[in-house]
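Before any comments, here is the structure.
Only the coordinates and a few stated rules stand behind these numbers; no lab work does. From a predicted model like this one, the values you see are computed outputs, not experimental measurements. All Cβ positions, even for glycine, are placed from backbone atoms using ideal geometry, and neighbour counts span all protein chains on display.
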Amino acid sequence: MLDYKLDEALRSLDGVQLAKVAGRLVRVSGMLLESLGCQRSTGQRCRVEQADGSLLDAQVVGFNRDITYLMPFKKPVGLAAGSRVFPAKDEALLQIDESWLGRVVNGLGEPLDERGKLSGRDPLPVELPRVNPLRRRPVEAALDVGVRAINGLLTLGKGQRVGLFAGSGVGKSVLLGMITRQTKADVVVVGLIGERGREVQEFILHSLGEEGLRKAVVVVAPANESPLMRLKATELCHSIAAYFRDQGQDVLLLVDSLTRYAMAQREIALALGEPPATKGYPPSVFGMLPELVESAGNGESGSGSLSAIYTVLAEGDDHQDPIVDCARAILDGHIVLSRRLADVGHYPAIDISASVSRCMSQVGEAAHLAAGRQFKEFYSTFEKIKELIPLGGYTPGMDAKTDRAVQLAPSLERFLRQEVGSGAELGASIATLQSIIK
Ligand SMILES: Nc1ncnc2c1ncn2[C@@H]1O[C@H](COP(=O)(O)OP(=O)(O)OP(=O)(O)O)[C@@H](O)[C@H]1O
Ligand SMILES: [Mg+2]
């Protein structure tokens, strides 16, 4: 009886706020708070007292002698010199299972929909999942993304990680929405990172729809969230996707956008005093991107698959941007969207000559690959001469290949265009491709 009472009393202590003042705020610079005295390890949490008496959650991101650098999870309201800083309990591990499907959460795994707290049987690790490269299952089977141009000409494999590269407003988010709805993957994990808050609701209502949401988990950190939340949200969607992969499911992870993740890290690193290197990005950004991308992809044999599509913003249509360059080097393929095509209403605006899927040869059959190569050849031949046609610069009968390209042009164009609401299955896309290139 006494033991029981003692146990109960000890358990009730768990919920008690640690009230010991450990530090005082000495400086606030942008999103970075400096506390004198609250010496905790990086990654641990503190709480800072605000003017209205509420406590602001923050994470230790660095230190300099006895000054601890803190980055808050939310925007601070009314911080003053000397505000008290308390040590806080560390983040409890999230618990996950299939009940997460259909839910919308923030970077800390807290619900954003009105469907109550999330729970589950299995603990979800906080750090990014790692797979021994020697034991990683190879990419062997094709992944149906429901977009004809990709299924036919840039076939993706289960376990492949690709980038969707384009300037702003060329159709990255719309294409990602199409893929989300049409794909045949068992589970779709969507990370909406640093993009417009307005688009979140639109994405959930229109791109996913009720049926799409049932097999999806959406992790949201719009542009107005703190950079720390944007980083956490990106990492959380990778951990969730890896969890479902290890449960034996075919998972598709969609992240909009990888650039905003890099920008969030840039904000934090610059605030911490790291020197900027290329285009203001500090070196740590180029270390974090491969780590993130490597955490996606297939797991060890026996698990399911994890394919990922990241949107990458090519600012000012600059494909030499350091993040574009870095992403292109670490991903297994790039799908480039072209403003030239979008301007003439050609959607999805995929520039097939500039795009490449590095796993296509592993997952496609010989006849399909040959048809794909010929398609690209005819398409680029037609692209070269198409402006000459209205000027009378093309005479039929001079070159058989050019004649064939001109004759096939309307079918090629029809194959590449696709309405937002329509789907194109993998088998049907390949069959259509082969019927055009007979
Ligand atoms: N498949 C499509 N069919 C018709 N219109 C489209 C299509 N894709 C994109 N658009 C048009 O282009 C606009 C911008 O598309 P979207 O929001 O996908 O661009 P984005 O590349 O994600 O831009 P940002 O970089 O600013 O996020 C849409 O609002 C829509 O008008
Ligand atoms: Mg977008």
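General observations
- Computed on the Cα trace of the chain, the radius of gyration divided by the Kirkwood hydrodynamic radius gives Rg/Rh = 1.06.
- Restricting the stretch 268-370 to GluC sites (Glu not before Pro) in coil, as DSSP defines it, with at most 12 other Cβ within 10 Å: 365
- Think of the chain as having a plus end and a minus end, set by charges on the Cβ of Lys, Arg, Asp and Glu; of 435, 200, 314, 314 sits farthest toward the positive end of this dipole.
- Taken over the stretch 18-89, the percentage of Cα pairs per 5 Å bin, counting from 0 up to the bin with the maximum distance, is 4, 20, 36, 28, 10, 1, 0.
- Simple label model, 7 Å out from Cα along Cβ direction - residue 343 to residue 377, nm: 3.1 nm
- Solvent-free Debye scattering, log10 I(q)/I(0), computed from the Cα coordinates of the stretch 366-424 at q = 0.13, 0.16, 0.21 Å⁻¹: -0.41, -0.58, -0.86
- The length gained on full extension between residue 91 and residue 315, counted as 0.36 nm times the residue separation minus their Cα-Cα distance, comes to 77.0 nm.
- Cβ crowding within 10 Å averaged over residues, with 106-116, 229-239, 387-397, 22-32 ranked highest first: 229-239, 22-32, 106-116, 387-397
- Fewest-first sequence of 220, 344, 131 by Cβ atoms within 10 Å of each Cβ: 344, 131, 220
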